[in-house]
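The values are calculated or read from the model by the stated rules, or taken from the named source; none is laboratory data. Everything quoted here is computed from the prediction, not taken from an experiment. Positions of Cβ are backbone-derived with ideal geometry, glycine not excepted, and every protein chain shown enters the neighbour counts.
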Amino acid sequence: SYRKGGYHAVRIGDQFAAGRYIAQRKLGWGHFSTVWLAYDTTTSAYVALKIQKSASQFVDAALHEIEILSSIADCASSSNASSNVKFVIQLIDHFKHTGPNGQHLCMVLEFLGDSLLRLIKFSRYKGLPLDRVREICKCILIGLDYLHREHGIIHTDLKPENVLLVSTIDPAKDPVRSETAPILERPEGNINGGVTSLIEKRLKRRARRAVAKISGRKDSMVETGEAPKPDRNIDGVDVRCKIVDFGNACFADKPIAQEIQTRQYRAPEVILEAGYSFSVDMWSFACIAFELATGDMLFTPKVGQGFSEDEDHLALMMELLGKIPRKIATAGAKSKDFFDRHGDLKRIRRLKFWPLNKLLIDRYKFPENDAHEFSEFLLPLLDFAPEKRPTAQQCLQHPWLNCKDSTPT
Ligand code: ADP
Ligand code: MG
């Protein structure tokens, strides 16, 4: 993908925006971009620099993301800004960068820590203690309520990868200057040369050590492929996180795509093509909450003999939540592909019902009380009728979010 129209190759020490930002270390990548830890020489702070691929469809996607993030940032900087903006990633700056592969749109974002997916991995896919789950749920809900009510924005791609923890250590204020001193110059000479690559390696090591301080981890798993180690944030009392990746977000009054959301977090009305609104984010939120608490995805549909992934997905939903009411099942543009006129699946006839409460007790060994309370929290969010799902604002009032963990682990 490092060719014309693709990613921009970055070396540690590379400068952006006329020298304002200096690349320190790769933080991650997606299908559209690579994301770098960069040092902002103007504010003496670390930022995340998202460098988009250069082909026109990626430029368009970045322009869209910048539009959404700018509308949030504009609001955030106004005098009567709600403090709930803190639960959503902030765009600091954006600019164009020309390189050998073309012109790349770049977004400067506040620097954040690990994603919830990494947090789930650190639990060895066993799930987090319920009081942690509650704290994370509160953060996501405040962020969603803010996006939905104050901006009219539907995220449409809520999943554990797209919620990032806030680093508790501020790299700019770290007292050990020698370790955290930013790398300000790019290594000179031919990158493939023996000596230069040694320098490059040393710089990388130094950058990693600096970042280890920042993130509170020994080393970067992405770079070294080491087994995951628990992040310090897990033990912090103030787990705080933010919603990121607005590449697919839309204003509710101007929906763009018909097929939205990552498969496992997709709401039934999207599969049926029955129209959608803010409540699709609430469905995904419930899937995330379940995954945080158990370490497993709530729905993992697969293609089978004689049925599609969509049909398996609908069957899994019904096995957990009961039959989709006929009216809803038959109301979508694609309903006829899956359901007969009675509202029964055409190609999957026998369903094995396994209600959420029982699943939590039988498979995940939840104490009965915890299972009962957690299901009462999740089930309304997984209503097949989108308009019956609680809003983020209503969900924040739910007693489960404020109950005490009965089984401390
Ligand atoms: P894409 O649109 O290409 O999927 P994302 O916005 O999802 O790009 O970013 C790709 C990855 O980069 C994320 O999964 C995450 O690991 C990392 N990342 C993105 N934004 C930040 C940030 N603000 N701070 C730290 N890491 C980030
Ligand atoms: Mg992404």
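Here's the yes/no breakdown for (1) surrounded by fewer than 17 Cβ atoms within 10 Å (Cβ to Cβ); (2) at pLDDT 95 or above; (3) in contact with a strand residue (DSSP E or B) (Cβ under 6 Å, 6 or more places away or on another chain); (4) in a loop (DSSP other than H, G, I, E, B):
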| site | (1), (2), (3), (4) |
| --- | --- |
| GLY247 | no, no, no, yes |
| GLY275 | yes, yes, no, yes |
| LEU292 | no, yes, no, no |
| LEU298 | no, yes, no, yes |
TODO: For residues that are closer than 23 Å to ILE324 by Cα and in contact with a Pro (Cβ under 9 Å, 6 or more places away or on another chain), tally how many sit in the stretch 384-404.
DONE: 7
Open item on the list: Can you tell me which residue is nearest to ligand 1 (Cβ to nearest atom) among those in the stretch 43-66 that are of a type in the set (S, T, N, Q) and within 24 Å of ILE256 (Cβ to Cβ)?
Closed with: GLN52
TODO: Can you run down the residue pairs with Cβ atoms below 6 Å, 6 or more apart or on separate chains, where the first is in the stretch 362-380 and in contact (Cβ under 8 Å) with a residue 12 or more places away in the chain and the partner is part of a helix (DSSP H, G or I) and of a type in the set (Ser, Thr, Tyr)?
DONE: TYR364/THR294
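Looking at PHE246, is it within 16 Å of ligand 1 (Cβ to nearest atom) and either in contact with a Ser or Thr (Cβ under 9 Å, 6 or more places away or on another chain) or of a type outside the set (Gly, Ala, Ser) (or both)? Walk me through it before giving the result.
Values: within 16 Å of ligand 1 (Cβ to nearest atom): yes; either in contact with a Ser or Thr (Cβ under 9 Å, 6 or more places away or on another chain) or of a type outside the set (Gly, Ala, Ser) (or both): yes.
Spelling it out, PHE246 is indeed within 16 Å of ligand 1 (Cβ to nearest atom) and either in contact with a Ser or Thr (Cβ under 9 Å, 6 or more places away or on another chain) or of a type outside the set (Gly, Ala, Ser) (or both).
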- [ ] Kindly indicate which of ASP93, ASP114, ASP131 is among the acidic types (Asp, Glu) and crowded, with 20+ Cβ neighbours inside 10 Å.
- [x] ASP114
TODO: All but one of (1) touching a His at 6+ places or on another chain (Cβ under 9 Å); (2) part of a loop (DSSP other than H, G, I, E, B) hold for GLN393, so report the exception by its number.
DONE: (2)
Open item on the list: If I go through the stretch 67-108 residue by residue, how many of them are in contact with a His (Cβ under 7 Å, 6 or more places away or on another chain), away from ligand 1 (no atom under 12 Å from the Cβ) and aliphatic (A, V, I, L, M)?
Closed with: 1
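Which of the residues that make up the stretch 239-256 are within 16 Å of SER70 (Cα to Cα) and away from ligand 2 (no atom under 14 Å from the Cβ)?
Within the stretch 239-256, the subset within 16 Å of SER70 (Cα to Cα) is 243-251.
Correct list: CYS250, PHE251.
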Open item on the list: Pull out all pairs, ordered by first then second residue, where Cβ-Cβ is under 7 Å, the residues are six or more apart or on different chains, the first lies in the stretch 259-284 and is closer than 21 Å to HIS31 by Cβ and in contact (Cβ under 8 Å) with a residue 12 or more places away in the chain, and the second is polar (S, T, N, Q) and surrounded by fewer than 23 Cβ atoms within 10 Å (Cβ to Cβ).
Closed with: ILE260/ASN248; GLN264/THR300
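I'm trying to understand the selection: among the residues of the stretch 71-88, which are more than 18 Å from the chain's Cα centre (by Cα) and surrounded by 13 or more Cβ atoms within 10 Å (Cβ to Cβ)? If you could, list the steps in order and put the result at the bottom.
Step one: filter the stretch 71-88 for residues more than 18 Å from the chain's Cα centre (by Cα), giving 71, 73-83.
SER71, ALA73, CYS75, ALA76, ALA81, SER82 - these are the residues of the stretch 71-88 that are more than 18 Å from the chain's Cα centre (by Cα) and surrounded by 13 or more Cβ atoms within 10 Å (Cβ to Cβ).
I'm checking my understanding of the structure. Among residues of the stretch 37-55 that are surrounded by fewer than 20 Cβ atoms within 10 Å (Cβ to Cβ) and on the phi < 0 side of the Ramachandran plot, which one is nearest to ligand 2 (Cβ to nearest atom)? Please lay out each step first, then the result.
The first filter runs over the stretch 37-55 and keeps only residues surrounded by fewer than 20 Cβ atoms within 10 Å (Cβ to Cβ), leaving 41-45, 55.
Then drop every residue that is not on the phi < 0 side of the Ramachandran plot, which leaves 41-43, 45, 55.
On the way: THR41: 27, THR42: 27, THR43: 26, ALA45: 23, ALA55: 17 Å.
Step by step, filter the stretch 37-55, then rank; the result is ALA55.
Quick test for you: out of LYS121, LYS126, pick the one residue that is more than 30 Å from THR34 (Cβ to Cβ) and surrounded by fewer than 22 Cβ atoms within 10 Å (Cβ to Cβ). Walk me through how you get there before you give the answer.
Working: LYS121 fails: more than 30 Å from THR34 (Cβ to Cβ).
Within the list LYS121, LYS126, the selection yields LYS126.
Residue under question is LEU158, and the condition is that it be crowded, with 16+ Cβ neighbours inside 10 Å and outside any loop (DSSP other than H, G, I, E, B); does it hold?
Values: crowded, with 16+ Cβ neighbours inside 10 Å: yes; outside any loop (DSSP other than H, G, I, E, B): no.
So LEU158 fails the test.
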- [ ] Select from the stretch 109-130 the residues that are within 12 Å of ligand 1 (Cβ to nearest atom) and part of a loop (DSSP other than H, G, I, E, B) and list them in ascending order.
- [x] PHE111, LEU112, GLY113, ASP114
Task: Residue that is farthest from ligand 2 (Cβ to nearest atom), among those in the stretch 24-36 that are buried (at least 17 other Cβ atoms within 10 Å of the Cβ) and more than 14 Å from MET107 (Cβ to Cβ) - done: GLN24
